[in-house]
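Comments concern the structure below.
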Amino acid sequence: MSDVIITPSELNGVINAPASKSFSHRAIICAALSGGKCNISPLVYSEDVLATIDGIKAIGGKVDTYKNGLVVNGFEHSRSSVFINCRDSGSTLRFLIPICAALGIGAVFKRSLPLSRRPISQYLEILASAEMSFEFNNDLSIGIKGKLKPGKFFIPGNISSQFVSGLLMALPLLRDDSEIEITCKLESSKYVDMTIEVMEKFGVYVQRTTHGFFIKGNQRYKSIDYTIEGDWSQSAFFMVAGAIGGNVTIRGLNRNSPQGDREIFEIIKRFGAKVFWEENELHVESAPLRGIDIDVSQIPDLVPVIVILAANSKSVTNIVNAERLKFKECDRLDAIYKQMKNLGMDITKSDCGLTINGKSKYSCGTLWSHNDHRIAMALSIMATNLPQKIKIQDSGCVKKSYPHFFEDYNSIGGKADVINMGE
């Protein structure tokens, strides 16, 4: 792991948006299912994406990597049992369980300790209704056996959209048709939209119904070359850096992206900063900020960086419907609350959200990322406006999604000194 010491500075300059992690997972899996040769680029080799690549290799896919992308040649479909190390990646686990089940491949999925704390039991119960069997070999490993049967699957929409996305990618492989019924409001629904978009690019289609999705069986993924668009979730941190005291330009974002975190554009405008497009570049300039009320049920990953906007605003910000943050890489709701409280923020926490009364002066000290990449990046942006330097412990967790975050940070005037602590 590593810590980082950050000296306050103003961030000004141009950042190239990293390739979307969410699109990368989906494109790599669909490419492997195509059975042909697919080139996928650009690509950021974050720890989560590497976990999916290694999972595809374990199942039997041939993957050749190069600096900014990879070539996938589909599964051999001859393996009867595999071992997949999902590390910290919820996408890898929740996507590849139904894929292996649809292919009839017995598998053992190893999870990191943080990943083992995230919801999975209800997902396995849903799949068990389709003649799959599961075994928790220990707290960190899940074994699956059997071949997934087509049918109707009932999925609650308020736990994880990844449950829906995993099944959507797997069910077209089955001989007969299937349905997914969402039993309550689907939260983070844009991630499901992303899944469907990628599937369609690879020639597989899903029909939306009143309460869910109809998936025709016996479909075949086709091989294509796929371009990964820029990541709004990661770019949001530098957009907020511009909003609270700098002038930042982001290149490589799709202004019409299905990514739910594209909402950060409108959120920053509501806070009062200047955010606008010039041709294909997104510009964010600081301005006096004011607090807002915001429902984050569809954009939970943005909460840590929204808190940074709120901290640098006048008046009160209310963040509601944030319950699912408790089941991320850490309890993000509690983590961001505690770290901002350590800085002297006027902040209160409820079971479903946060209330922040922004102010201009905060204290300094040592903060902790809780080994959560989004907490580490949010605190790093907050550090730009603090009166003195701070240390953020376990900042190396940014490798999970954005391994070159601190390089980009320093390239536009940041002063982040990463200290490698060893393992």
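Please state the shape class of the range 126-272: rounded when a/c is under 1.5, otherwise prolate if a/b exceeds b/c and oblate if not, all from the C-alpha gyration tensor. Judged from the Cα gyration tensor, the range 126-272 comes out prolate (a/c at least 1.5, a/b above b/c). Taking 32 Å as the limit for the C-alpha separation, the pairs Lys201/Lys326; Lys216/Lys269; Lys67/Lys110; Lys21/Lys361; Lys57/Lys269 exceed it in the case of Lys201/Lys326; Lys216/Lys269; Lys21/Lys361; Lys57/Lys269.
Overall size of the chain from C-alpha positions, given as principal axis extents largest first: 61, 43, 42 Å.
Helix 373-382 and the longest principal axis of the Cα set of the chain meet at an angle near 20°. In the range 21-225, the DSSP beta bridges split such that about 75 percent are antiparallel, to the nearest 5.
For the Cα atoms of the chain, what angle does the longest principal axis make with the long axis of helix 232-245, in degrees from 0 to 90, nearest 10? Helix 232-245 sits roughly 10 degrees off the main axis of the chain.
Taking each DSSP H run with n ≥ 4 as -39500 (n - 2.57) and averaging over every residue of the chain yields -9500 deg cm²/dmol at 222 nm. Taking Cα atoms only, the orientation of helix 21-34 departs from the longest principal axis of the chain by about 20 degrees.
For the range 21-225, the spread of Cα positions along the three principal axes, ordered from largest to smallest, is 43, 38, 32 Å. Stretching the chain fully between Asn218 and His283 yields a gain of 18.8 nm (0.36 nm per residue, less the alpha carbon separation). The DSSP beta bridges internal to the range 119-278 are antiparallel in roughly 75% of cases. Computed over the range 21-225, relative contact order equals 21 percent, with contacts defined as Cα pairs under 8 Å that lie 6+ residues apart.
Take every DSSP beta bridge whose two residues both sit in the range 312-411; close to 75 percent of them are antiparallel. Rounded to the nearest 20, the size of the Cβ-charge dipole of the range 21-225 about its Cα centre is 240 debye, with Lys and Arg at +1 and Asp and Glu at -1.
A straight chain from Lys152 to Ile419 at 0.36 nm per residue would run longer than the Cα-Cα distance by 91.0 nm.
Quick note: the coordinates plus some simple rules give every number you see, no bench work behind them. What you see is a predicted model; the values in this text were computed from it and never measured. For neighbour counting, all protein chains shown are included, and Cβ atoms are generated from backbone atoms with ideal geometry for every residue, glycine included.
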